[in-house]
Amino acid sequence: MLGIILDYDTNNQKGYISSNNERYEFHIKEWKNKNQMPKNGDEIDFILENGIVKDIYHISNISGIKNTGLIQSKETPAIAIISLIFGILGFMGSWWSLGIPSIVAVVTGHIAKSIISKNEETMTGKGLATAGLIMGYFIIIVYLLVITFLASALSLNY
C-alpha cells in the first residue's frame, strides 16, 4: 500500500501513516531504510497485515522514478572494462602489437566473467567481458590463420 507519514516520534519510535483515508500506527522496527529515518510527509510503501503495518519503505522521487529501496545499483568490475578495451585495441592494431592485446582481452574477459558469475546479484558487465572475449578470440584465430598461411606459402617456395 502507498501512504504518507503523518507523524513520527523519535522518543518512543512510533508513528502514524495515512493511507486510503485510514490511519495506521507503526513502530520503527518495520522501517526498512536504515540510512534514513522517517519524517512527517514522507511518501511510503508498506504492507498491511491484519491491521498491522509491516515492511515500510521510503519512496523518493528522482526524475519521476520511484525507488522503494528494493532496487540496488550493480557494480561493473574494472576487469570487464579492461577486457573490452583490450579487445578493441587488439581488433584495431593486432598486427603491429603481435596480438598481445587480444590475449589480454581473452584472459581478462574470462576472469571478469568468473567474478561476475560468482556475484551476479551485485555485479554486472558480463556483456562487456563477452564482447572483449569475442574480439580477442576472433583476432587470435585470424592471427593463427595468417601465420599458418604464411608458413605454408614459405614452405612451398623451398
Gain on full stretching of the segment that runs from residue 4 to residue 36 - 0.36 nm per residue minus C-alpha separation: 10.0 nm
Residues 29, 74 arranged by fewest to most Cβ contacts within 10 Å: 29, 74
Reach of residue 118 by Cα under 17 Å, taken over aspartates and glutamates that are not fewer than 8 positions away in the same chain: 75
Longest DSSP-loop-exposure-free segment, GluC sites (Glu not before Pro), the chain, at most 12 other Cβ within 10 Å: 1-119
Sorted by Cβ neighbour density within 10 Å, fewest at the top, the residues 152, 19: 152, 19
Segment 121-158 versus segment 78-112: alpha-carbon centroid distance in Å: 10
Degrees between helix 100-118 axis and first principal axis of the chain (Cα, 0 to 90, nearest 10): 30
Packing-based exposure ordering (other Cβ within 10 Å, fewest first) of 76, 108: 76, 108
Rg/Rg_ref, segment 78-157, where Rg_ref = 2.2 N^0.38 Å and atoms are Cα: 1.29
Å³ per residue enclosed by the Cα convex hull of the chain: 155
Ranked by how many other beta carbons lie within 10 Å on average, peptides 32-39, 123-130 from highest: 123-130, 32-39
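Bear in mind that the values in this text are calculations on the coordinates, not laboratory data. In this text, all values refer to a predicted model and were calculated from it rather than measured experimentally. Positions of Cβ are generated from backbone atoms using ideal geometry, with glycine treated the same way; all protein chains shown enter the neighbour counts.
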